[in-house]
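The values are calculated or read from the model by the stated rules, or taken from the named source; none is laboratory data. Model, not experiment: these values are computed from the prediction. Ideal geometry is used to build each Cβ from the backbone, glycine not excepted, and the neighbour counts take in all protein chains shown. Heavy atoms of the whole protein, side chains included, go into the accessibility calculation; ligands, DNA and RNA do not. Shrake-Rupley method; radii C 1.70, N 1.55, O 1.52, S 1.80 Å.
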Amino acid sequence: MGNGSGTSTSLIEVTEGRRGSYRDPKTGVTVAARLLGAPGEGMFVCTYVPSGRPRGGVVICPSLHAELLSNYRAEVLLAQHLAAAGVAVLRLHYRGTGQSEGDEDAVTFDSMRDDIVSAAQSFEDSVKPGPLAYVGARFGAVLGAAAASPRSPLVLWEPVFDGRRYWRDVSRSRMIHKMNESEDPGSEQADMLKTLDSGKAFDALGYRIHPALFESTVPRALQQEMLAQRGPVLLVQLSRQADLRAPHRAFVDQMRAQGLDVDVELVPDEPVWWLLRPPMKGMERLIDMTTRWLVGHLGGEEA
Amino acid sequence: MSTRAPAYREEPVWLRVEDEQIFGMWTTPRSDPSGVAIVLLTGGAWVPSVNRNRLWVKLARELAAHGHASIRLDYHGVGESTGDLVGYRLVDLKPDLLACLQWVKEQGHQEVVILGACFGARLAMSVVPLFDDISGLVLLAPPVWDSEGASGNFEVGSKLKELPKGDLLRRLADKRQRVVIRRVLAGRAQAVWRRARGGRGPDSVADQKVGPNFLRSMAQIVEERIPTVLVYGAEEPMYQDYVEAGRGRLGKITQGTDRLIKIEMLGTPVHRLLPVKVQEEVVREAPKWVRELRDARRAMNEEAMA
């Protein structure tokens, strides 16, 4: 390999048009990445299908902007682990985000939720995974909750509870970055709101935030999206704090008062969502625990 | 959403490299192909091939609009690819890049350019002696210093001496961090051993920051006559390091290579590709850089034939 020699057949497995796949010889899982949809509108999806009949399916809904990148690896590893345990998995990038096609400035809460629904439908039609569960990290938790059917198990990794708080966290991250760089942080949140209100995009730590996305996500709240939820829920807190933080506690109490079966796990790590860092140290525990919970709630013991 | 057919085609590909599956997104022009293919390499810090604000996605599609194919690569252990990556070492990631270059060549592209940012730029430089058909390099803010690790390593991570004690103990409790720390200590031990045996230290202040691997890579670029564009930003510390190093051994290596190695300056620092406007500059200027590389290659070929 050091001199670049090798045959083409040793390098690539299968590529057919807008779909490339390989089979893991150790687990028998087939991993297929593709662009779903017409040219120019293709949604990047990656499926992980076990060799036998799946015991269920999981749709992993990513967060946005820097959080898509900082949680990327954890979501890929979760998909690999679940598939090795007999669960079929769908990961996607909403159109206009990640590897997908589509216009960035047209991305809204509704377009992202619709992408999850259409990708999940295509997944069900082609793979026939059985009952579906949804995993969402950060803002992906709100989107997953919005797209899921009421009986689906839901896993919420360090969820965003409402859009307003999410954008406040974004402007805070920007402020911290500026202070680290010895720059004047100014009035970050006010600047962001003023720019977006004027119909212009805002630069948040090298990510372009478009007005349509901002306006459509501000009013959204996780609890609202879960009003119809009947299936079990796993809330995962990612924090160095040893006990459940107040907003998480309030959310759990409200969900239980709604009659929901809510489990809580604490992972003692605090990812820095908006700044590039090595993978978080608690990732292995996060993935193992999430896999066990999902396998258990999709009606089987982990293989 | 746009309903117009785009000027490119995209397909995901998986390249089997030893036991791992390396993911790439292959973008090709719908019409008027130039024959050039560009391999896009991200920096360190486990950044997937999407890159910050989808920069590599936008760049690939813009390059296709100019007739150039490209592949944006996830190193093993990063993004979609399989495997585990503990620290960024050139020696660990060269196989991924070499496999990609081989595959791109097999798609019929005789002109292959590598465009890398930061660590990706250093990786691009490091494979020059290992692959015959590199027709150009675009290097975004390559650091001139090597890591504190052993020769051939280039690692992301804090320098050991700068760590407060508590943080060091926490890092030692983590298996991945122990591997990184072991490598740093091994590199330091080697440096001490070299000096004890009378090995060379830096010749001058100019040479203090520039690493021997960087110097070796630049010498190989000059020897192989690979047209190269180095891209830095105004007031960029890495550019200042490059200029300072140019007053020492680096300057001797690059003397008389103005037509081979060009510096392009953008308005703001390029490293980390913050803010959005520097990303837009990269997308806008990249086709021009590719054109300059091709022109330089053509001029050298004509000279050789004359």
Taking every residue in B:100-108, how many Cβ atoms of other protein chains lie within 10 Å of its Cβ, on average? 3
List the residues of the range A:47-80 whose accessible area drops by at least 30 Å² when all protein chains are present, compared with their chain alone, using a 1.4 Å probe and counting only protein heavy atoms. A:Leu69, A:Tyr72, A:Arg73
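Arranged from highest to lowest average of other beta-carbon atoms within 10 Å per residue, in what order do the peptides B:138-147, B:296-305, A:158-167, A:121-130 appear?
B:138-147, A:158-167, A:121-130, B:296-305
On average, how many beta carbons from a partner chain sit within 10 Å of the beta carbon of a residue in B:51-57?
6
Please tell me which of these pairs span more than 24 angstrom C-alpha to C-alpha: A:Lys128/B:Lys58; A:Lys200/B:Lys58; A:Lys178/A:Lys200; A:Lys178/B:Lys277; B:Lys105/B:Lys288?
A:Lys128/B:Lys58
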With B:Pro48 itself left out, Lys, Arg at +1 and Asp, Glu at -1 over residues whose Cβ is under 11 Å from its Cβ give +1
State the Cα centre-to-centre distance between the range B:242-263 and the range A:154-202 in whole Å. 42
Using a simple charge model, +1 on the beta-carbon of Lys and Arg, -1 on the beta-carbon of Asp and Glu, nothing else, what dipole does the range A:105-149 show about its Cα centre, in debye to the nearest 20? 220
Rounded to the nearest whole Å², what accessible area per residue is found for the range A:156-259 with the 1.4 Å probe? 48
Leaving ligands, DNA and RNA out of it, report the carbon-plus-sulfur percent of the accessible area of the range A:53-157 at a 1.4 Å probe. 47
So the B/A interface buries, both sides summed and with a 1.4 Å probe, an accessible area in Å² (nearest 100) of 4900
Find the relative contact order for chain A and round it to a whole percent, using C-alpha pairs within less than 8 Å whose residues are 6+ positions apart. 17
Report the trypsin sites (Lys or Arg not before Pro) located in the range A:57-152 that are in a DSSP loop and have at most 13 other Cβ atoms inside 10 Å of their Cβ, or state none. A:Arg151
